[in-house]
Amino acid sequence: MKGSNVLKKLWLPFSLLLTLPLTAESALENYLSREKNLILDYQEEANRLESAVLRKSWINPIMLNYTENTSTISLSGDETDRVFNVGINQPIFKSGGIYYAVKFADAKAGATQAQIRLQRRQLISQAIETLFQLKKNRLQQRQMRLKIRNDAIDIRRKKEQYDAGVIDSSFLNEAILQRNQDRTSLLALQLAEKNLRNAFSLLSDKRPDGLRLPRLTLIKAGEYRRRNLELETQRLLVAQSEYNSKMTWAKYLPTLSLSANYYDTDSDRPMPGQKDNYYRYGFQISMPLSINAPQDIEAGRVRYLQQAVQLQDARRKVASEYRLVLDTLAIIDKKIALARSDQKLYRSLLQSTKEQAAAGQKTRFDVETMRNAMNMAKLDAQIYGIERQIQLLKLYGKIHE
């Protein structure tokens, strides 16, 4: 939504929930609520309008004046003088100050726009991460239910062994405690799911079930730096500070201004030899001599140097973030490999357990226990895969498309 579309909504607040196009995202689909998108759209439109005003701030307004004075000094009665005046006093040369003012406005608008884009991107990332966490939670619940089934089988076995006098009660108690702990963990996961759904509802007006999740791949380091919105914002802040420093320097140099006025007078006692309508025009060269000029100019330069150093610090931060994601992905990939190895092992054990059960050497509970263990290992690999996507999302949440 741009321009007049946004302005129309300013005059029609009741339509906020009726018409709002979602911002297109190629890698990350926009799941934000209409209200949150609208807030960000208004921020972008306000920034555009404020920038337009700032770019023209060096142009002075045309002044309209009307005065009317009544005097009682005359013995013949009251006399009234009326004057209508149109005038302008406009700097046309400020030793580069006008040029730098326009560039400053552009840099400021760009930095604010990048910040808004980053804010939108991070909110979208929060919504998508919540969806990933919900998917992970559902897999963990499935995994925990399989574990509880194995706990029940283990309790049954130990009860039979306890009744037969093979083991004492401590082994049975331990199995019961393990089942209760796993049941408690399942309840905690169910509560966490409700919290995640609530968190998603604060960001989006869509139902989380069935929403399409992105399949993210690792972005190259150079591409991540080039498209990083934090770095883009900081680069524009450096430019903004540089132009502001030059504006400060220019305001202590000569300024050339043109002035023009038109007067339309009407008096009860006109002065002989003077026109009722006349013009005044001319030019002015001015240059302030301020005792604080050196300190003011130096302060502007220091602020620029500070922003430049902050840009270098931001580059180091971005590089460090990328390395951390790489290191985390390497660990997660090892976990996935281990889970798949366990799954392969349990598949082999399940096959042999089935054969032994067919021969009467194992029970159906042994087969079920092994099948549940294999499925838990499979779920482990899927859970780690989601964790991998969440790590990649940390990168995608800070770049522009």
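Odds and ends about this structure:
- Value of relative contact order over segment 266-401, rounded to a whole percent, pairs C-alpha under 8 Å and six or more apart: 26 percent
- Cα centroid separation, segment 166-196 to segment 82-112 (Å): 72 Å
- Here segment 163-212 exposes an accessible surface that is 55 percent carbon and sulfur, computed with a 1.4 Å probe and the other protein chains kept in place.
- Counting only protein chain heavy atoms and rolling a 1.4 Å probe, the accessible areas of 249, 58 rank, largest first, as 249, 58.
- Cα gyration tensor shape of segment 246-401, rounded if a/c is under 1.5, else prolate or oblate by comparing a/b with b/c: prolate
- Two-decimal Rg to Rh for the chain - Kirkwood Rh, Cα set: 1.28
- 1.4 Å probe accessible area per residue over segment 118-219, in Å²: 60 Å²
- Residue pairs exceeding 26 angstrom between C-alpha atoms, taken from 135/335; 135/206; 220/344; 147/206; 206/334: 220/344; 147/206; 206/334.
- Using C-alpha pairs below 8 Å separated by at least 6 residues, the relative contact order for the chain is 24 percent.
- Take residue 84: with every protein chain present and a 1.4 Å probe, its accessible area is about 80 Å².
- Residue 283 sits with roughly 140 Å² accessible to a 1.4 Å probe, with DNA, RNA and ligands left out of the calculation.
- Counting only protein heavy atoms and a probe of 1.4 Å, the accessible surface of segment 350-401 is 47% carbon and sulfur.
- Helical contribution to [θ] at 222 nm, DSSP H n ≥ 4, -39,500 (n - 2.57), averaged over the chain, rounded to 500: -23500 deg cm²/dmol
- Gyration tensor (alpha-carbon) shape descriptor, segment 30-130, a/c threshold 1.5: oblate
- Carbon/sulfur fraction of accessible area - segment 221-264, other protein chains in place, 1.4 Å, %: 53 percent
- Local electrostatic count at residue 96 - Lys and Arg +1, Asp and Glu -1, tallied over other residues with Cβ under 14 Å: +3
The values are calculated or read from the model by the stated rules, or taken from the named source; none is laboratory data. The shown structure was predicted, so the numbers you read here are calculated from the model rather than taken from an experiment. Cβ coordinates were reconstructed from backbone atoms using ideal geometry, including for glycine residues, and neighbour counts include every protein chain displayed. To get the accessible areas, we keep the full protein, side chains included, count just its heavy atoms, and leave off ligands, DNA and RNA. Shrake-Rupley method; radii C 1.70, N 1.55, O 1.52, S 1.80 Å.
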